[in-house]
Amino acid sequence: MTDEERYSETLFKKYQEHEALCNRCGACCGMLDGDPCEHLEKTPDGLYACDIYEQRFGLRKTIKGEPVLCVPIHNVLHKTWWGRARCAYIRRV
Ligand code: SF4
Ligand code: SF4
């Protein structure tokens, strides 16, 4: 394995570890404010998932038709939003 391949593998592992921290509460997608993103779905295990996860970033809309800008979670960790206290990424900082 080359150094470049090792580096890519390490980055990918870090990405997976970061993704695994999410508890899938749905709070960052509006699950608690009464008008969630139209792409938020409840999964059979009672948690939440995005139905366009790999292409999620950009302008989306809520169930009621309000615009919502989907951004990486680290872009909003310092902001105030409904359900923020539930977020696993907030709890660890
Ligand atoms: S598009 Fe973004 S805001 Fe909408 S459910 Fe997916 S991750 Fe959440
Ligand atoms: S609020 Fe945090 S823990 Fe909950 S789904 Fe969003 S990123 Fe994951």
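The values are calculated or read from the model by the stated rules, or taken from the named source; none is laboratory data. For clarity, every value in this text was computed on a predicted model and none was experimentally measured. Cβ coordinates were reconstructed from backbone atoms using ideal geometry, including for glycine residues, and neighbour counts include every protein chain displayed. Remember, those area values only see protein heavy atoms, side chains included, never the ligands or the DNA or RNA. Shrake-Rupley method; radii C 1.70, N 1.55, O 1.52, S 1.80 Å.
Compared with the dominant principal axis of the Cα atoms in the chain, helix 3-20 is inclined by about 30°. A cut-off under 14 angstrom between Cβ atoms defines the neighbours of Thr80, and their net charge, with Lys, Arg +1 and Asp, Glu -1, is +2. Shape of the stretch 41-93 from the C-alpha gyration tensor: oblate (a/c of 1.5 or more and a/b not above b/c, with a ≥ b ≥ c the square roots of its eigenvalues).
With every protein chain kept in place and ligands, DNA and RNA left out, what is the accessible area per residue of the chain? Probe 1.4 Å, answer in Å².
Values: 7040 Å² over 93 residues.
With all protein chains present, the chain gives 76 Å² per residue.
Taking a straight Cα-Cα cut-off under 21 Å and skipping sequence neighbours fewer than 8 places away in the same chain, the lysines within cross-link reach of Lys42 are Lys61, Lys64.
Counting pairs of alpha carbon atoms under 8 Å apart in space and at least six apart in sequence, what relative contact order in percent does the stretch 23-91 give? Could the numbers behind the result be given before it?
Working: 90 pairs, mean separation 22.9, N = 69.
Answer for the stretch 23-91 is 33 percent.
Among Thr43, Thr80, the order of accessible area from largest down is Thr80, Thr43, computed with a 1.4 Å probe on protein heavy atoms.
For the chain, adding -39500 (n - 2.57) for each run of n ≥ 4 DSSP H residues and dividing by the number of residues yields -7000 deg cm²/dmol at 222 nm.
Leaving ligands, DNA and RNA out of it, report the carbon-plus-sulfur percent of the accessible area of the chain at a 1.4 Å probe. Answer for the chain: carbon and sulfur cover 56 percent of the accessible area.
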